[in-house]
Amino acid sequence: MAGVENTGEAGATGGQEGPEASDGAYECNICLDQARDAVVSMCGHLFCWPCLHTWLETRRNNQVCPVCKAAISRDKVIPLYGRNSSNKDPRNQLPPRPPGQRTEPENQGTTFGGVNFGDTNFHMSFGIGAFPLGFFASTLNFGGERLNPHAGLQPGQQFHADDQMLSKLFLGLGIFCVIWILLA
Amino acid sequence: MRRLQKELLNLTTDPPPGVTVDPEEIGDNLSEWTVSVAGPASSLYEGETFRLNFRFSQKYPFDSPEVVFMRPNIPVHPHIYSNGHICLSILTDDWSPALSVASVCLSITSMLSSCKDKKRPPDDAFYVKTCNKNPKKTRWWYHDDTV
């Protein structure tokens, strides 16, 4: 009896759903209908966006997932786009769904040299007098490290030597500055 | 009110153990239901039957239903007052629109199951004299998860 009614409703509201659509797996957890303008929470629970939006507005200061009470917010839900959903204009639904979020993949060539920062820590520890020099060294170091991949299979020994020399040079400069500050 | 229709259909076709609902008793607008709950097996309430009154506001399911036990048979329980009001957090603060009549009935059944000592709440006489008719107007203080 229930099965017959369910398929009838799914056919009326959702269009061409397969027989598996009637088992409740794609029902909104709030209105218990086939989810319209579907969004899914980070905890994996499915809702109609209008239903979830109403709930979030009801409990503004305590936004939790209706099913599992995990933290939930407008920015933390993902809209689901089925193949046929583009036929209907979701913007006609109020309130509009939050947009999908795309993150660009990280490009190796343009990564920030933050990883190398550990190497230059030594230079940073001279205190106020040596700080600009340490910073300078770190910039140089950064350049050297970045060039390494382009050197191919043999990572340049020369860069290493340069590094060491620079390191000594700036260590000397740093000590000099510290002594100068102490004497002044 | 489509959701209430669905709930009523589910509750009549696939009710939780001990819960029965007679659709004939429920008016056409579905805003007030009477649900029977049997005292759970091997509990202090085995063999008893209680009737719960559910009232749904226009905002249901975003707003919790008003649920009270109906006279004459109100279970003697440390969280159930003699006027039928129930101290149960999901009926106010912890309500969620993913809960349903079935899940409220289940919670109440479990509350009855875990009861070790049939007695009224300590402040029963005072509360019943002073409370609002609507239990949702009471500022409940939920402090005991054991029963």
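Below, the figures for the structure above:
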read-out	value
Matching residues in region B:104-147 - criterion: being part of a helix (DSSP H, G or I) and open to solvent by less than 30 Å² (accessible area, probe 1.4 Å)	B:104, B:105, B:108, B:109, B:111, B:112, B:124, B:127, B:135
Test result for residue B:20, of a type in the set (Ser, Thr, Tyr) and in a helix (DSSP H, G or I)	no
Residue count, region A:28-45 (criterion: outside any loop (DSSP other than H, G, I, E, B) and either at the interface with chain B (Cβ under 9 Å from one of its Cβ atoms) or open to solvent by less than 20 Å² (accessible area, probe 1.4 Å) (or both))	3
Filter pass, residue B:92 being open to solvent by 10 Å² or more (accessible area, probe 1.4 Å), in contact (Cβ under 8 Å) with a residue 12 or more places away in the chain and over 17 Å from residue B:146 (Cβ atoms)	yes
Identity of the residue in region B:13-32, in contact with a Ser or Thr (Cβ under 9 Å, 6 or more places away or on another chain) and either facing chain A (nearest Cβ under 9 Å) or among the acidic types (Asp, Glu) (or both), that ends up most open to solvent (accessible area, probe 1.4 Å)	B:25
Positions within region B:57-78 being open to solvent by 20 Å² or more (accessible area, probe 1.4 Å), of a type outside the set (Ser, Thr, Tyr) and either part of a loop (DSSP other than H, G, I, E, B) or within 14 Å of chain A (Cβ to nearest Cβ) (or both), in sequence order	B:58, B:59, B:62, B:63, B:70, B:71, B:72, B:73, B:76, B:78
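Table: residues versus (1) without any contact (Cβ under 8 Å) to a residue 40 or more places away in the chain; (2) of a type outside the set (Val, Ile, Thr).
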residue	(1), (2)
B:12	yes, no
B:18	no, yes
B:50	yes, yes
B:59	yes, yes
B:71	yes, yes
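The values are calculated or read from the model by the stated rules, or taken from the named source; none is laboratory data. What you see is a predicted model, and the numbers here were worked out from it, not measured in a lab. Positions of Cβ are generated from backbone atoms using ideal geometry, with glycine treated the same way; all protein chains shown enter the neighbour counts. Protein only, heavy atoms only, side chains kept; ligands, DNA and RNA dropped before computing areas. Shrake-Rupley method; radii C 1.70, N 1.55, O 1.52, S 1.80 Å.
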